[in-house]
Amino acid sequence: MGLIRAVLSVAFRQNMMATKPAGHGGPLMLFHIETGGCGGCGMELRALASAPYDLGGAGFGLASTPAGADLLLVSGPLTRMMAPVLQAAWEAMPEPKGIICMGDCALDGGMFGENYATLGGLERRVTIDLRLPGCPPTPADVLAGLVSLLGSSVAEATPPV
Amino acid sequence: MEEGCRLSGRVVAGQSVAHQSAFCMAVENACGQGVEEQAGLGRVALLEMERVLHHLYTLADLAERAQAPLVAAHCMMLREAMLEQIAPVTGSRLLMDCCRPGGVRLAEAEPLGGVCDSLAKLGQAGQEALLELWESFPGLSARLTGLGVTRAEDLARVGLEGPVARAAGQDCDTRRVLGLYDGLWRYTAGRQSGSAADRALLLLDEVAESLTLLGRIAPRLGDAAPGREALTLPDAEGMAMVEGPWGRVAYWVQLHQGRLAQVFCHNPAAAALLVFEETVKGQPVEDMPLVASSLGVSAAALDG
């Protein structure tokens with residue numbers, strides 16, 4: 001009985017936070033890569049991908065490999081160790097593709113700045129298609145930012161690093 | 001000092017209160033100053049809220065990896081229901097920057113007691129339903145039973161404490177020796193076979209325990225807003241520790257000429273990685289993420 005109740009409460013949950021995009025076909029697939037930092041943006045992205053938020057309903061999905069992604073979602077300051085990983089992920093993505101920076105660290109290095117271990121953020125290194133500032137941005141902020149993308153096409157971006 | 005405190009809250013997300021509390025207490029010990037009772041209780045409330053939110057997040061991750069997305073959805077829905085009440089008061093969904101040297105700083109400090117009471121009521125009902133679902137969901141317990149069993153000698157060798165050691169039968173909890181918890185905390189008796197299933201059920205037990213503790217704090221916090229005292233910074237050293245969601249978090253600080261000169265931080269991340277390396281021997285490769293999640297292996301914490 002508990003199991004049936006659990007299924008029903010998820011299937012018919014109230015206060016869904018989905019925002020349905022207008023006139024968009026398949027979902028835009030995001031490949032998330034955490035290039036360093038505290039992991040807070042990753043936690044908020046995970047929250048966004050779970051109930052009661054509805055990332056799928058808003059027209060987005062999370063890709064398990066960069067080869068299946070439309071957008072590269074970067075969080076955390078760019079550590080020297082992760083720079084080649086980020087480059088490889090970008091190169092593995094099919095065209096057209098774009099970059100989203102989630103959180104202050106991904107934009108300008110945030111609290112971590114530029115030092116012996118980190119290269120700072122991507123702000124002055126690549127063309128960023130969507131900036132989601134905050135430390136960390138909330139799931140609602142991220143969802144609003146993502147939905148704003150659907151109003152226009154993703155601009156051609158230059159490779160990172 | 002402010003920047004050091006902010007940075008300590010970003011060593012690893014989900015454990016910000018533990019890191020910032022230990023950092024602030026170390027600074028206060030160096031200064032030879034304590035905080036007022038309400039501020040101390042406020043920190044305990046924040047530590048326990050963080051533990052509940054962290055454990056629910058970890059349980060959701062475990063359930064997702066164990067092919068039980070329905071259970072994961074319930075964990076995250078309960079977590080979000082709690083965050084709806086917590087975030088307006090703390091000003092941060094991850095409880096960052098709430099603890100400052102000398103006390104606490106909240107977006108809205110007055111309702112903290114009411115939020116503790118409300119969380120205790122909301123959470124206890126939710127936790128019972130979650131426990132029932134966890135134990136009855138087809139295949140979930142079977143998937144985790146016998147997986148990633150930790151050995152007592154490995155835990156002792158690397159000095160790993162926290163829920164991983166408690167789920168393997170060790171009686172170790174920093175809350176036992178912290179004056180902040182006097183009259184509030186009681187020992188949680190958990191499952192003690194040391195497998196991923198035991199760790200998951202222990203986390204569920206600890207959620208219930210923390211919610212009970214929040215219910216006890218609520219009347220003591222009342223409507224009084226916990227505040228913050230100004231500190232005089234001498235040339236001195238201080239250290240402090242708290243029980244974070246994955247175990248003991250300790251800070252040592254050295255103050256010099258009114259500034260933070262040196263900081264050393266200890267957290268369980270490195271020990272968890274060493275135990276993980278021993279535990280995964282002989283396990284199927286596809287089980288590695290599940291075992292890592294149940295042991296609290298965190299790249300962010302290791303980086304910090």
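The values are calculated or read from the model by the stated rules, or taken from the named source; none is laboratory data. Nothing here was measured: the structure is a model prediction, and the numbers come from that model. Please note: Cβ atoms are built from the backbone with ideal geometry, for glycine as well, and neighbour counts cover all protein chains shown. Note: areas computed on protein heavy atoms with side chains; ligands, DNA, RNA excluded. Shrake-Rupley method; radii C 1.70, N 1.55, O 1.52, S 1.80 Å.
Report yes if B:T279 is of a type in the set (S, T, Y), under 30 Å from B:D171 (Cβ atoms) and over 19 Å from the mean Cα position of the chain (by Cα), otherwise no.
Yes.
Scanning region B:5-32 for residues that are more than 18 Å from B:L94 (Cα to Cα) and touching a Leu at 6+ places or on another chain (Cβ under 6 Å) yields B:A30, B:C31.
If you check A:R5 against the conditions, is it at the interface with chain B (Cβ under 9 Å from one of its Cβ atoms), modelled with pLDDT under 70, over 19 Å from A:L132 (Cα atoms) and not in a helix (DSSP H, G or I)? It is false that A:R5 is at the interface with chain B (Cβ under 9 Å from one of its Cβ atoms), modelled with pLDDT under 70, over 19 Å from A:L132 (Cα atoms) and not in a helix (DSSP H, G or I). Residues that are modelled with pLDDT under 95 and of a type in the set (K, R) number at least 2 in the following helices (runs of 4 or more DSSP H) confined to region B:1-88: B:37-65.
For region B:120-141, a tally of residues being more than 14 Å from every other protein chain (Cβ to nearest Cβ) and surrounded by fewer than 18 Cβ atoms within 10 Å (Cβ to Cβ) returns 3. So if I check each of B:A156, B:A129, which one is at pLDDT below 90 and not in a loop (DSSP other than H, G, I, E, B)? Just one listed residue meets the conditions, B:A156. Of everything in region B:78-93, what is within 11 Å of chain A (Cβ to nearest Cβ), among the hydrophobic types (A, V, I, L, M, F, W, C) and under 25 Å from B:W134 (Cα atoms)? Give them in sequence order. Answer for region B:78-93, where residues must be within 11 Å of chain A (Cβ to nearest Cβ), among the hydrophobic types (A, V, I, L, M, F, W, C) and under 25 Å from B:W134 (Cα atoms): B:L78, B:A81, B:L83.
Checked against (1) within 14 Å of another protein chain (Cβ to nearest Cβ); (2) modelled with pLDDT of 90 or more, B:D117 passes all but a single condition, namely (1). Scanning region B:142-159 for residues that are of a type in the set (G, A, S) and surrounded by 20 or more Cβ atoms within 10 Å (Cβ to Cβ) yields a count of 1. Listed by position, the strands (runs of 3 or more DSSP E) enclosed by region A:16-120 that each have at least 2 residues that are away from every other protein chain (no Cβ under 12 Å) and open to solvent by 20 Å² or more (accessible area, probe 1.4 Å) are A:28-34.
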